[in-house]
1. Is it the case that region 184-205 has a residue that's buried (at least 18 other Cβ atoms within 10 Å of the Cβ) and part of a loop (DSSP other than H, G, I, E, B)?
2. Of the numbered conditions (1) in a helix (DSSP H, G or I); (2) touching a strand residue (DSSP E or B) at 6+ places or on another chain (Cβ under 7 Å); (3) surrounded by fewer than 20 Cβ atoms within 10 Å (Cβ to Cβ), Leu210 satisfies every one except a single condition; which is it?
3. Taking the criterion of being surrounded by 14 or more Cβ atoms within 10 Å (Cβ to Cβ), under 19 Å from the mean Cα position of the chain (by Cα) and aromatic (Phe, Trp, Tyr), would at least one residue in region 169-179 satisfy it?
4. Of all residues in region 156-168, which are under 21 Å from Ala80 (Cα atoms) and buried (at least 18 other Cβ atoms within 10 Å of the Cβ)?
5. Looking at region 94-108, is at least one residue without any contact (Cβ under 8 Å) to a residue 12 or more places away in the chain, of a type outside the set (Lys, Arg) and closer than 30 Å to Gly147 by Cβ?
6. Which of the following residues is surrounded by fewer than 19 Cβ atoms within 10 Å (Cβ to Cβ), modelled with pLDDT of 95 or more and not acidic (Asp, Glu): Thr145, Thr141?
7. Could you tell me how many of the residues in region 142-165 are in contact with an Asp or Glu (Cβ under 9 Å, 6 or more places away or on another chain) and farther than 22 Å from Arg65 by Cα?
Amino acid sequence: MLISGTDASSLLALRSLYATSTSIDRSLQRLSTGSRIPAASFDPASLITSENFRTVLAALGTEVRAAERGEAVINTADAALGEASGLLAEAEALVLANANTAGLSDAEREANQLSIDSILASVNRIAGSTTFNGDALLDGTATVTVGGSSVDIIDAGTDALGVTEIDGTVYTLSDIGAGAALDTTGGNTENALAVLEAARVDLTTNRGRLGAFSSN
């Protein structure tokens, strides 16, 4: 079938209109989807590249969120461990005071021991109340994992800190409390100091590990 000049001109106009409409439609799709390549028909090769890039971005986003969460957990735990360490420094000063028997009355030694007991209670409170999104951090069950690496957070309770063997007997921080094996009013100050030192090492060592993990 022959096409007259008029029909040919009309066809060219229709093709031009179609091309223009298609271009406008694609532009509208891009605007509505926020994507340069809203469908495979636009640019298959670029679409594949774009989707692969999206996958990479999604994976990176997951890693970033995990790292941020890990950082927040570590910061929370470190602050609590630092507070507990400061309390143990105060307890050490009180034990040293009780070790100096010259000029110190029984009432004063007992008052120092009461202060030590208060510190131990505070340490246990910190260990029991430090959480992140409802998960306990200082009960010995918490582990921070980021990018295939992990670090454990210690149990910061007085029954777990400062494990020390002295003359065949194992003591923990809880043993320096009133009425316990290393009650400082009973002349056990040297052993109490050894346990306290071990407890502080436990805390500072774990804080160091958390800090190193966070900086890597």
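1. yes
2. Tallying (1) in a helix (DSSP H, G or I); (2) touching a strand residue (DSSP E or B) at 6+ places or on another chain (Cβ under 7 Å); (3) surrounded by fewer than 20 Cβ atoms within 10 Å (Cβ to Cβ), Leu210 fails exactly one: (3).
3. The answer is no; no qualifying residue exists.
4. Result: Ala156, Gly157, Thr158, Ala160, Leu161, Gly162.
5. Within region 94-108 (the criterion being without any contact (Cβ under 8 Å) to a residue 12 or more places away in the chain, of a type outside the set (Lys, Arg) and closer than 30 Å to Gly147 by Cβ), the answer is no, since none of the residues qualifies.
6. Just a single option satisfies the conditions, and that option is Thr141.
7. Summing the residues that are in contact with an Asp or Glu (Cβ under 9 Å, 6 or more places away or on another chain) and farther than 22 Å from Arg65 by Cα in region 142-165 gives 10.
The values are calculated or read from the model by the stated rules, or taken from the named source; none is laboratory data. Note that the structure is predicted; figures quoted are calculated from it, not measured. As a convention, Cβ positions derive from the backbone with ideal geometry for all residues, glycine included, and neighbour counts pool all protein chains shown.
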